[in-house]
Structure formats: C-alpha cells, structure tokens
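Read through the structure below, which is laid out as structure tokens, and then see the notes.
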Amino acid sequence: MNTIIYCRVSTKKHTQETSLERQEIELLEIAQKWNFQVVKVICDQESGYDLDRPGVLEMLDIIKEDKIDAVLIQDETRLGRGNAKIALLHCLYKEGIKVYSISHQGELELSESDSMVLSIVSMVEEYQRKLHNLKIKRGMRRAVEKGYRPEKNLNGHGNENGRDRIELPIEEIVRLRNNELTFAEIAATLRGFGFDVSKATVHRRYQDYLKQIETNE
C-alpha cells in the first residue's frame, strides 16, 4: 500500500522539533510493521486550524498525480483541528485515500459528529457538481446547435496501439482544468456529455495539449 506519512506540530519553536522527529520515527516504524510502502514523509510546523500549510498542499499535489493509497498519521489532530480537519479529511476521502493512525492502531475511526458533517459536505458538493455539469452541458448543447464541433479541436492521430483515438473536446478539458477541477471530475463531466472516457485518458490528453503549446512557443 503506497503511503504518505504526515507529521505536524503546532509551532515553529525549537522545542517542537523533537516532537516532530519523534512522530516521524514512530510512523516509519509502524509503516514497516504494517507493510506500508512509504512514498513520502511530509512534516509541517503550522497551526492545525490553518489549511494553508506547505506540507498539506504538497501532500494533496502528490495524491493527485501519484498512485497513493493511504495517509499515515499519529492521531487525527495531526491532520488539523476544527473545520480545517474536516475539510482535509473530505479532500482525502474524495480522492479515495484511506487514513491510518497510530492512536487507532489501524484505519481512522471518525466520531459520529465528524461522520455526519462529512456526509453533509459530500451531499452539498454532489449537488453543486450536478448543477455545474448541467450548466456545462447546456452550454455545450447550445454551442453544438450553433455549429461547434468538438472533434475538430483534436490535434493528434490514432494511438500507437492501433486503437481508435477517443474524440474529446480538448478546449473543454482545458477550461475545466483551469477552473481547478480534478481529472476525475473532468472525466465524470465528459461522461455526462456521452463521452466514454477515463481519468487517465483525460490526463493524457491534457498533457499532450501542454506539450503542443510548449512546442509552438
């Protein structure tokens, strides 16, 4: 199981550095005991009430780009406190990441109140996504009615394996990515348009687009 170890102390005082080092040592030991493959050890010396932490942002970037299965922590307060903790847990669970802690001797067990809040957040986000997708779908339908043809935006040819290249509206992929949607969310949006596409394919087309932009510059 590919795992990120996350350690945090609340301040940048020199006395807290010992606690940070101790967390890392304990987590590395438990990762070995549980047969976790540690991909990265990330440490923060920031308040748990703040989401704008270098380590948290790095962790989320790695999760979006690499095959990460879990995050290992000392206890749930290391992720954060209050709303910051809930927000981070929501981001992790949305990406399919499991959270393990030493304090629970296994997968993190949420309190009833935390579980309820996460359920509400997920429900609200799902409805926001549906509304967003409906707006995009309506805009695409109007564009097609006015003569817009997404397939004309494709710049490549068939792939090297000889299979037909899936026709995708690359401009829409770029626009959605610029709006900070994940590749999984973009793929879900395109499937709503009738495109049979995976997250990996969307990511590949986006990278192809960036390479072509660099080439043309």
Taking 8 Å as the Cα distance limit and 6 or more residues as the minimum spacing, I'd like the relative contact order of the stretch 1-111 as a percentage.
31
Calculate for the chain the 222 nm mean residue ellipticity that helices alone would give, adding -39,500 (n - 2.57) per DSSP H run of length 4 or more and normalising by residue count, nearest 500 deg cm²/dmol.
-18000 deg cm²/dmol
Using 26 Å as the Cα-Cα cut-off, could you pick out the over-long pairs in 64/130; 13/98; 13/85; 130/199; 85/135; 64/211?
13/98; 85/135
So, by mean Cβ neighbours within 10 angstrom, what's the order for 85-92, 112-119 with the highest one leading?
85-92, 112-119
Dmax and Rg, reported as Rg then Dmax, of the chain (C-alpha, Å):
20.9, 66
Using Cα pairs closer than 8 Å and at least 6 residues apart in sequence, work out the relative contact order for the chain, in percent.
15
Rounded to the nearest 5, what % of the DSSP beta bridges within the chain are antiparallel ones?
10
HN-Hα J in Hz across the stretch 211-216 - Karplus 6.51, -1.76, 1.60, θ = phi - 60°, x for Gly and Pro:
5, 5, 4, 4, 5, 6
Whole-Hz ³J(HN,Hα) from phi, Karplus 6.51 cos²θ - 1.76 cosθ + 1.60, for the stretch 20-33, glycine and proline x:
5, 5, 5, 4, 4, 4, 5, 6, 5, 5, 6, 5, 5, 5
List the residues whose amide H sits under 5 Å from the amide H of residue 98, counting only those 5 or more places along or on another chain, with H placed 1.01 Å from N in the peptide plane.
70, 71
Rg(Cα) / (2.2 N^0.38 Å) computed for the stretch 174-217, rounded to two decimals:
1.19
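No lab work stands behind these numbers, since they all come straight from the coordinates. Keep in mind that what you see is a predicted model, and the values were worked out from it rather than measured. Counting neighbours? That spans all protein chains shown, and the Cβs are built from the backbone with ideal geometry, glycine included.
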